[in-house]
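Below: the structure, in structure tokens.
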Protein chains: 4
Amino acid sequence: MKAYEIREANGIDSLSLIDQPNPKPGHGEVLIRVRATSLNYRDLAIVRGGLAGMLKTPLVPVSDGAGEIAEVGAGVTRFKKGDRVAGIFTQCWLAGPPIQNMYATSLGGGVDGMLSEYVVLAEDGVVHIPAFLTYEEAATLPCAAVTSWNALVTEGKLQSGDSVLVMGTGGVSIFALQFARMIGARVIATSGSDAKLERLRKLGASDVINYKTNEKWDARVIELTDGQGVDHVIEVGGPGTLPRSINAVKTGGTVSLIGILTGAAGEINPMPILFKNARMQGILVGSRQMFDEMNRAIEVNKLRPIVDRVFPFSEAREAYRYLESGAHFGKVCIAI
Amino acid sequence: MKAYEIREANGIDSLSLIDQPNPKPGHGEVLIRVRATSLNYRDLAIVRGGLAGMLKTPLVPVSDGAGEIAEVGAGVTRFKKGDRVAGIFTQCWLAGPPIQNMYATSLGGGVDGMLSEYVVLAEDGVVHIPAFLTYEEAATLPCAAVTSWNALVTEGKLQSGDSVLVMGTGGVSIFALQFARMIGARVIATSGSDAKLERLRKLGASDVINYKTNEKWDARVIELTDGQGVDHVIEVGGPGTLPRSINAVKTGGTVSLIGILTGAAGEINPMPILFKNARMQGILVGSRQMFDEMNRAIEVNKLRPIVDRVFPFSEAREAYRYLESGAHFGKVCIAI
Amino acid sequence: MKAYEIREANGIDSLSLIDQPNPKPGHGEVLIRVRATSLNYRDLAIVRGGLAGMLKTPLVPVSDGAGEIAEVGAGVTRFKKGDRVAGIFTQCWLAGPPIQNMYATSLGGGVDGMLSEYVVLAEDGVVHIPAFLTYEEAATLPCAAVTSWNALVTEGKLQSGDSVLVMGTGGVSIFALQFARMIGARVIATSGSDAKLERLRKLGASDVINYKTNEKWDARVIELTDGQGVDHVIEVGGPGTLPRSINAVKTGGTVSLIGILTGAAGEINPMPILFKNARMQGILVGSRQMFDEMNRAIEVNKLRPIVDRVFPFSEAREAYRYLESGAHFGKVCIAI
Amino acid sequence: MKAYEIREANGIDSLSLIDQPNPKPGHGEVLIRVRATSLNYRDLAIVRGGLAGMLKTPLVPVSDGAGEIAEVGAGVTRFKKGDRVAGIFTQCWLAGPPIQNMYATSLGGGVDGMLSEYVVLAEDGVVHIPAFLTYEEAATLPCAAVTSWNALVTEGKLQSGDSVLVMGTGGVSIFALQFARMIGARVIATSGSDAKLERLRKLGASDVINYKTNEKWDARVIELTDGQGVDHVIEVGGPGTLPRSINAVKTGGTVSLIGILTGAAGEINPMPILFKNARMQGILVGSRQMFDEMNRAIEVNKLRPIVDRVFPFSEAREAYRYLESGAHFGKVCIAI
């Protein structure tokens, strides 16, 4: 079988297509014929040399993938051959509160990931996917969608009628917009492109803000919420955007700290968190139980993930470069 | 001003139209020019002589009403003349957990209600109504809608993707259907009329069951949920339907005990509650905070209450009789 | 090895001591050298012929047991030889909400239990026990203690300062008293024996009621709580005591429906649940996560389970008879 | 009557004792004969010139006070003459989530405070105090105790068996230690004085750390918790201690951001919050409902606040200086 591998991470060209024997599922394990994967910023960071010291070497990259069960090992009870499935991001976080050292069992990080024709996973680390989704659509779920679900639903306890601020058009932000609308919440969205803002509006954002022409977007958020700020900010920028996010959140509101698109460096004054009785919640994907609950909601509401573009397996590097360009709206996938 | 009054409750004809001086708002009070009211089964039960001993006598009936602020008393801060408002069902339950003896301050029960041209209420017992609603629509909210919101959202913590069973086409059930759909939950609905079932489906029920042609509707609910039962039952029937409701709920699920349309008499075996790790939750309307949160969700989602028919003030008795007939689908209103 | 077995359940004499080869742990399994077990009413009900149709036949009875790991099977990661452990009641309920058909994997019910010198369990179905407890003490935890923890803490969200009513001196009630006091709640306790009431008071009950000399114990509970009733009732009696329990609970309070000591037959009028905005919560033991959280609390607070009496393995039948007599205060154990 | 007043805040000497006519309670108001007050760092900050622009001028300072109802205004229903009471910190936050602009109605800040023989407050802004407490003890509750309760119980949902880190021997930290122990949690405490550490241990801390001799106290906390960190940090230091606090908290844990004893200046890197799936929660005192629930728990557990020293009314300035010295252990009070 074919798979991509990173031996020494120093850029997208570190991705090598290799050939190796098909793996066999052991006791309690399943063999998955991967049909599609999707990329996240974490995958880009890893191929560029990020997260060094926390990664398996050599590494089959990419956390997100969906496919069908090709074979089940002894003792497997939750799956049978032919089942349509996806792997869960943190293989050991099944339910309950976050576990320590979750990096150690994250797909495409601490353990091999999904950019491979075949993958063996413990059956505990796998979920059924909604029947109406294509493999590409299902492949978008494990990281970005579960992260948004955890932020808004599990930890955020978002209520219908609440307001949410989402930033840009990456996977987490678009899923957050879709989930918030599915739940009956109001969404304010930002982007640097008027064309993208128009698409965000079509997906259900009640208000949009171009942060290039409106640099003080936090003030605009406050204005749009009668001087109160939003109930929840899905913060994917990191220290570069966080001060404005905290300013844009309501007294008693929540900032979900998720991404570091503006870079991990930089510091913030934490005092406004105190003066607003607000909460800053770190969100590192989520558990299998969250994934299952989310899938149920996706199924009931026939919610379709936004797939921007699907690359063939042979063009995995181009898929990474497309993600790097920032031109995308939603998820970038690779069919296998 | 004109108002209806019940001196001795022994049927719908006990409603008398009387004339009395306009009331004046005292310190912390507001005068409301009532524009519309809506009826609930409780109003019917009261005029028939139910809840005896718990009622003010003589009583201006009806808990639900909406109108505009005609005058504010000294010290009022939350309202000004012209504001569009509704009274809250339990005048003293503002926030937090349920209060004792809530009957004592329920409108149209322990204190005078809204079937009157003018009403004086403490400003604490009043809420602003969504701007896009007519007075008739807003008048449907205080009892039935807040009850459904409390059952599903506040106490029920309903999650997108959960399943809900609603019974019939009364106010609580229709609001529960609408709120559940607004939140992204799946709804199964029952009725004795195929025509009504068709309307329930159009409002978003994924599945409907005619309980006349399908007496074992609980078995059908289980079938429709892959043998599991629903997450939540909005039980408005009382002891007569409760055993089937408990059978239709999932392991770990919730039965919201709300109404007694099949009569208050009758007993049930509570053991299935234990064997299913289930919960039976009594719901007696809700607090002002719930009402405000619900209004916010109604506003964001532009959710329109289903008004079946509006009667003029002079035909209040006909409105009661129409409710009594059971022919309605949604709420029965009286314009004032 | 020796074990007790029930082939045909028709009374305590159905318990036969048998001899059979030592079991071997398979993949993901552990072999436990059982050192102590404790009895619950369910064990008594089963040996008398209860729960017929839901049981494995022949059956090694008893859900509760503690011992040490004697051997680990391939792939086991959570335990090593010599670890002190207990089995969890429902082998398949690890975390999250209650699972369907939990009877099918309950120890000493759907699968073989702990009244045996050696037992093989999946490592997932086993927990570490607090280091300071004896094996007898630890053997009291899996059913009664986890049930009380689930009722009060996980589902009940009991808060310091809340009030709890416990009934009698069985295992669940005593644990509920101890846990409630550990959390800073007030406890009112009932018993038919003044001597036992005195012991309940020493364990921390602020008030006690003899239900034999004070038949209307619900009225006394209301009196002791300034006319309000308690926040939480730990109901172990079933339909025979439930109406008074519901009367004794506060507006908005919770009745945890746990046991059926007064028999499973009988019906109740559910309407007071509605009129009180109260909640009736079925509690069927709990998950492994609850067990682990409870053990942590027991460890921090050095809470000692109340062991009434320990019988030797050869006198298991006498242990059952002692439980049957109702003379106990706390748990009845069997050392192995 | 006599009262202290700040006209221009530039140090403790800005406190002037003035004489003015006794106030009269209006509609819905009560007159309180203040018997004791207690000081918080906020009071010190205000007299030094902090919070400028957010304060009433001239200002009767001090948020915390207890006394008895001397007279009730028209329409008052919750109190009668002679009732023992305390004012709530934020006069307008009665229940539910935090309100905007709570500074505007905070006692001794946006409105006049309690350092006065008589005070008039809206009855809504007053609570009954536990009967067994002295006025000095009750006067310690409104700010520090409610803050700790909100952090640990209301927002923190602290569970028995959880671990909590408290810093130093100020009011909030000591109450947090006492409440955590009352709930059955484990407490690790820091101080720069071995004598104080000994007292913290006597109050129930299982482990203590001298941060002067053990500068890397976060590493020690991790060591004491088997490499995991604590479930909850009560952070009263501000940016100066926050990075170590975040390091000392467990994956999925909570840092309650409460005080700024090390100064409000300074920035932190927020990324560890993300990588730990942790939560940082700003806590600005709490609502009346929290105060009432806390009082109930204090009453049930007969928990006695730690009063370090009581100064007479005439020596209010000395009380401020004593607080400023940092020599205290628990609360500094002024009898009136």
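Structural remarks
- Cβ-Cβ distances below 9 Å connect the following pairs, each with a first residue in segment C:196-207 that is more than 14 Å from chain D (Cβ to nearest Cβ), a second residue that is aromatic (F, W, Y), and a separation of six or more residues or different chains: C:K196/C:F329; C:R199/C:F329; C:L200/C:F329.
- Among (1) more than 14 Å from chain A (Cβ to nearest Cβ); (2) within 28 Å of B:G125 (Cβ to Cβ); (3) open to solvent by 60 Å² or more (accessible area, probe 1.4 Å), the one test that B:S325 misses: (2)
- Considered as a group, the residues in segment D:39-75 that are of a type in the set (V, I, T) and buried (at least 19 other Cβ atoms within 10 Å of the Cβ) include one that is farthest from the chain's Cα centre (by Cα), and that residue is D:V72.
- Taken over segment A:78-90, the criterion of being open to solvent by 30 Å² or more (accessible area, probe 1.4 Å) and touching a residue at least 24 places away in the same chain (Cβ under 8 Å) is satisfied by A:R78, A:R84.
- Residue that is farther than 18 Å from A:V153 by Cβ and among the hydrophobic types (A, V, I, L, M, F, W, C), where the choices are A:F313, A:F291: A:F313
- Scan segment C:146-188 for residues that are assigned by TED's automatic domain parsing to the domain that holds C:V255, part of a helix (DSSP H, G or I) and among the small types (G, A, S) and the total you get is 4.
- Residue that is farthest from A:C333 (Cα to Cα), among those in segment A:170-195 that are in contact (Cβ under 8 Å) with a residue 40 or more places away in the chain and polar (S, T, N, Q): A:Q178
- Some residue of segment A:259-280 being closer than 21 Å to A:G87 by Cα and open to solvent by 10 Å² or more (accessible area, probe 1.4 Å): no
- Extreme residue, farthest from A:A278 (Cα to Cα), among residues of segment A:209-238 that are open to solvent by 10 Å² or more (accessible area, probe 1.4 Å) and under 22 Å from the mean Cα position of the chain (by Cα): A:V236
- Qualifying residue in segment B:198-208 (condition: of a type outside the set (A, V, I, L, M, F, W, C), open to solvent by less than 20 Å² (accessible area, probe 1.4 Å), outside the structural domain of B:A297 (by TED's automatic domain parsing) and modelled with pLDDT of 95 or more): no
- Any hit, segment B:70-86, residues being more than 14 Å from chain D (Cβ to nearest Cβ), closer than 14 Å to B:G108 by Cα and either at pLDDT 95 or above or part of a strand (DSSP E or B) (or both): yes
Each row is one residue, and each column tells you yes or no for (1) within 12 Å of chain A (Cβ to nearest Cβ); (2) of a type in the set (V, I, T).
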site: D:Q91; (1), (2): no, no
site: D:Y103; (1), (2): yes, no
site: D:V120; (1), (2): no, yes
site: D:G125; (1), (2): no, no
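- Count - residues of segment A:44-69 that are under 19 Å from A:E117 (Cα atoms) and in contact with a Phe, Trp or Tyr (Cβ under 7 Å, 6 or more places away or on another chain): 6
- Only residues that are farther than 14 Å from C:R321 by Cα, outside any strand (DSSP E or B) and in contact with a strand residue (DSSP E or B) (Cβ under 9 Å, 6 or more places away or on another chain) were counted in segment C:25-50, giving 3.
- In segment A:270-285, the residues that are farther than 14 Å from D:P272 by Cβ reach residues that are of a type in the set (F, W, Y) and surrounded by 22 or more Cβ atoms within 10 Å (Cβ to Cβ) with C-beta atoms within less than 6 angstrom, at least six apart or across chains, in these pairs: A:V285/A:F89.
- One residue from D:G65, D:G75 being closer than 21 Å to D:G171 by Cβ, in contact (Cβ under 8 Å) with a residue 40 or more places away in the chain and not basic (K, R): D:G65
- Residue list for segment D:285-302, filter: in contact with a helix residue (DSSP H, G or I) (Cβ under 6 Å, 6 or more places away or on another chain) and of a type outside the set (G, A, S): D:V285, D:M290, D:F291, D:M294, D:N301
- Total residues in segment D:122-133, condition open to solvent by 10 Å² or more (accessible area, probe 1.4 Å) and outside any loop (DSSP other than H, G, I, E, B): 4
- Among the residues of this structure, D:L141 counts as one that is within 14 Å of chain C (Cβ to nearest Cβ), within 22 Å of D:R33 (Cβ to Cβ) and open to solvent by less than 20 Å² (accessible area, probe 1.4 Å).
- With respect to the conditions (1) closer than 23 Å to A:Q281 by Cα; (2) within 14 Å of chain B (Cβ to nearest Cβ); (3) open to solvent by 40 Å² or more (accessible area, probe 1.4 Å), A:S160 lacks only one, and its number is (3).
- Qualifying positions in segment B:100-119 - open to solvent by 40 Å² or more (accessible area, probe 1.4 Å) and assigned to a strand (DSSP E or B): B:V111, B:Y118
- Considering only residues in segment D:171-182 that are open to solvent by 10 Å² or more (accessible area, probe 1.4 Å) and aliphatic (A, V, I, L, M), the one that is nearest to the other protein chains (Cβ to nearest Cβ) turns out to be D:M182.
- Flag if A:S16 is touching a Phe, Trp or Tyr at 6+ places or on another chain (Cβ under 9 Å), at pLDDT 95 or above and exposed (fewer than 15 other Cβ atoms within 10 Å of the Cβ): yes
- Every residue from segment B:287-309 that is closer than 13 Å to B:A36 by Cα and either charged (D, E, K, R) or surrounded by fewer than 17 Cβ atoms within 10 Å (Cβ to Cβ) (or both): B:R309
- Selection status of A:A52, on the phi < 0 side of the Ramachandran plot and within 14 Å of another protein chain (Cβ to nearest Cβ): no
- Within segment C:216-266, restricting attention to residues that are free of Cβ contacts under 8 Å to residues at least 60 places away in the same chain and among the acidic types (D, E), the residue that is nearest to the other protein chains (Cβ to nearest Cβ) is C:D226.
The values are calculated or read from the model by the stated rules, or taken from the named source; none is laboratory data. What you see is a predicted model, and the numbers here were worked out from it, not measured in a lab. Virtual Cβ from ideal backbone geometry, glycine too; neighbours counted across all protein chains shown. Please note that ligands, DNA and RNA were not included when accessible areas were found on the heavy atoms of the full protein model with its side chains. Shrake-Rupley method; radii C 1.70, N 1.55, O 1.52, S 1.80 Å.
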